[in-house]
1. If we keep just the residues of the range 128-168 that are without any contact (Cβ under 8 Å) to a residue 24 or more places away in the chain and among the hydroxyl-bearing types (Ser, Thr, Tyr), which is nearest to Pro57 (Cα to Cα)?
2. Tell me which residues, restricted to the range 264-280, are open to solvent by 40 Å² or more (accessible area, probe 1.4 Å), touching a Leu at 6+ places or on another chain (Cβ under 9 Å) and assigned to a strand (DSSP E or B).
3. Could you give me the residue pairs with C-beta distances under 7 Å whose first residue belongs to the range 512-526 and is part of a loop (DSSP other than H, G, I, E, B), whose second residue is open to solvent by 60 Å² or more (accessible area, probe 1.4 Å) wherever it lies, and which are 6+ apart or on separate chains?
4. Consider Val421 against the criteria (1) open to solvent by less than 70 Å² (accessible area, probe 1.4 Å); (2) within 24 Å of Thr227 (Cα to Cα); (3) out of contact with any Pro (no Cβ under 7 Å at 6 or more places or on another chain): it satisfies all of them except one. Which criterion is unmet?
5. Quick check on Arg99: is it farther than 30 Å from Arg240 by Cβ, among the charged types (D, E, K, R), crowded, with 18+ Cβ neighbours inside 10 Å and in contact (Cβ under 8 Å) with a residue 40 or more places away in the chain?
6. Counting just the residues of the range 296-317 that are open to solvent by less than 30 Å² (accessible area, probe 1.4 Å) and among the aliphatic types (A, V, I, L, M), which one comes out nearest to Ala226 (Cα to Cα)?
7. Among residues belonging to the range 535-556 that are over 53 Å from the mean Cα position of the chain (by Cα) and among the basic types (Lys, Arg), point out the one that is nearest to Ala573 (Cα to Cα).
8. Being open to solvent by 10 Å² or more (accessible area, probe 1.4 Å), more than 21 Å from Trp459 (Cα to Cα) and β-branched (Val, Ile, Thr) is the filter here; which residues of the range 516-550 pass it?
Amino acid sequence: MKQFRSGLLLLLVALVLFGYITLVDRGKQSTEEQHRTEKQIFRFKSQDVNWLRIAAPDHSVTLEKKDNHWWIASPIRAEADDSAVERLLTEIEFLESERTIPAKEVGSAELLKQWGLAAPSLTVEFREGKETRGLSIGRKTAVRDLLYARAAQNPDAPVYLVNSAVADRLNKNVDDLRNRVVFGFDSLFVQRCGVEQAGSTPLSVEVVRQGTKWQLLKPLTARADATKVDEWLSSLTTLRVRKFVSDDGAALNQYGLASPSDQIWVDQKGEKPMEERLLIGSPVPGAPSDVYAKKLSGNAVFTLPAAMVQQMARGFFQNVRDRHVVPSFSVSEVVRLQVEQNGKSIGYAKRSQGWSVDGDGYKGIVDPERVEAFLRSLRALETQAFVQDVPSDLRAFGLNHPEGKVLIQTVEAGGSSPTPVELLIGRSEKDGTYVKNSSEPFIYRIASQWLQDLPKEAWQWKNREVLQLQPKDVQEVRLAFSSSSVTIRISPDGRILLNGAEGAAAPQAKAVVSRLWQLRAVRWIGPVRPEYGLSKPEATIVIQQASRAMTIRIGALLPDGGRAAQVEGDSLAFEFSAAEFQALGELARAGLKPTTPGRS
């Protein structure tokens, strides 16, 4: 007990000592930090500054901070670039003197004049609260790359020698500090946006947000591509002024802005509802890659990159219109799919056990991945061209009597009534196939190749799993070819016996039968036909289970190298892999070789 108390006491002493050292070190500057602090000319925090003035013989600019945002107050009234101002203030905050000349050594005013401080080349003033401080910068020193500098408001201040690069970093004019961001909206709060095009064929385009989707309202009512609209809005926020030209807001004719060629506008709701509208004028003489522009709400005329603006304005309608031929749907919510073509109708329904054929012909479960892959391709199907928005005659496109139809029915989560959407398939030409969905008037042209995805027969999408067996349920497997055969048994102790004996081919036999338990078709080839040679098979596989025997017949060679095959009792044939057929043949031949009798 005594040892425990001693250990606890030592631990407490160590913790107190550690806390003391940490506290002392936290308030103690390193030697390097102390040296750097001693060299700093000013002691202030840049974020506390609310007023700034930069003056040079040929220009000056005054800035004010309001509501955490910097504004240029003189010589014009305009938004400032907060980041640029903050960088400048940080430069002043950490400005260091390479050498300090005490005030008593400065001497007469003549010396200040000689150093360029009587008429400074640059003066920077800033204000924290009500206190104004600043720095006047004079000439370069005779040696080294330094400048003379002195506190602007204190005639008794020392003279500092500072790095000459400081002057370049502090000497900023209106254009250097002006906000060049053209659009300042927040995309999350944009409710409407669009463009207006003037000229011989005027065009007004407007899209509106509807929940998570966007809808075209002008020049026609249609779906808009939400991804494309969001990308367009994002591009607008990256648009930057190249050059400010004028701030008087008059004489707009000379810039082509009295009657702008294009207008881009964004309507934002939320805490700060506003509309931002950009007017696009004429190309800049001598600089065809630029174009004049101005905001409707401001006086400033500036230039922008012409190609970027042209794409945003003139390409807006074609870019944001949704090119998907079927309105968006969730694959997981589809409960029925029906395909009609060549006078045949194939239906698939989603039930508790999965997708199955619903209609005439083959009955049974189909591969859900095949169905869902097709639904994904349907959802992603895009038009090559918008053929007609208001069709006058469906016959011209073969859509009055469609050559095919694809119907899907969806049920939203928690819903009960299915919502149908039908795609009508019209005439095919060399450039594509005409299609139209049942909920919109538009005629699209798609790549005819997509039609190859349509199932021609219900059994095409049957699950490729031919057998699903558990090894413990299988007693033996008999392979029979015209010239050889083998019987494979698995003994209670796990040994593989070929024709009742062990042999070198046992590992090969084990691998073959393991694949048979989970046999998959290369593909289904349809109802059994005489040319498949299954009435007189090349090989048979008999799998003996406790309750029944299952026979697989393997027949004629198919064009792609596989073999036609059939599970006895099934009306459909499938393709048996060429590699598997070869492995079975080798195993059957191995059964003819002398083997070691198996132990009973």
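The values are calculated or read from the model by the stated rules, or taken from the named source; none is laboratory data. Everything numeric here is computed off the predicted structure, so don't read it as measured data. Counting neighbours? That spans all protein chains shown, and the Cβs are built from the backbone with ideal geometry, glycine included. To get the accessible areas, we keep the full protein, side chains included, count just its heavy atoms, and leave off ligands, DNA and RNA. Shrake-Rupley method; radii C 1.70, N 1.55, O 1.52, S 1.80 Å.
1. Among those residues, the one meeting the criterion is Ser136.
2. Result: Glu275, single match.
3. Gln518/Gln468; Ala521/Arg464
4. (3)
5. Judged against the criteria, Arg99 is not a match.
6. Step by step, filter the range 296-317, then rank; the result is Met312.
7. Within the range 535-556, the match that is nearest to Ala573 (Cα to Cα) is Lys536.
8. Thr540, Val542
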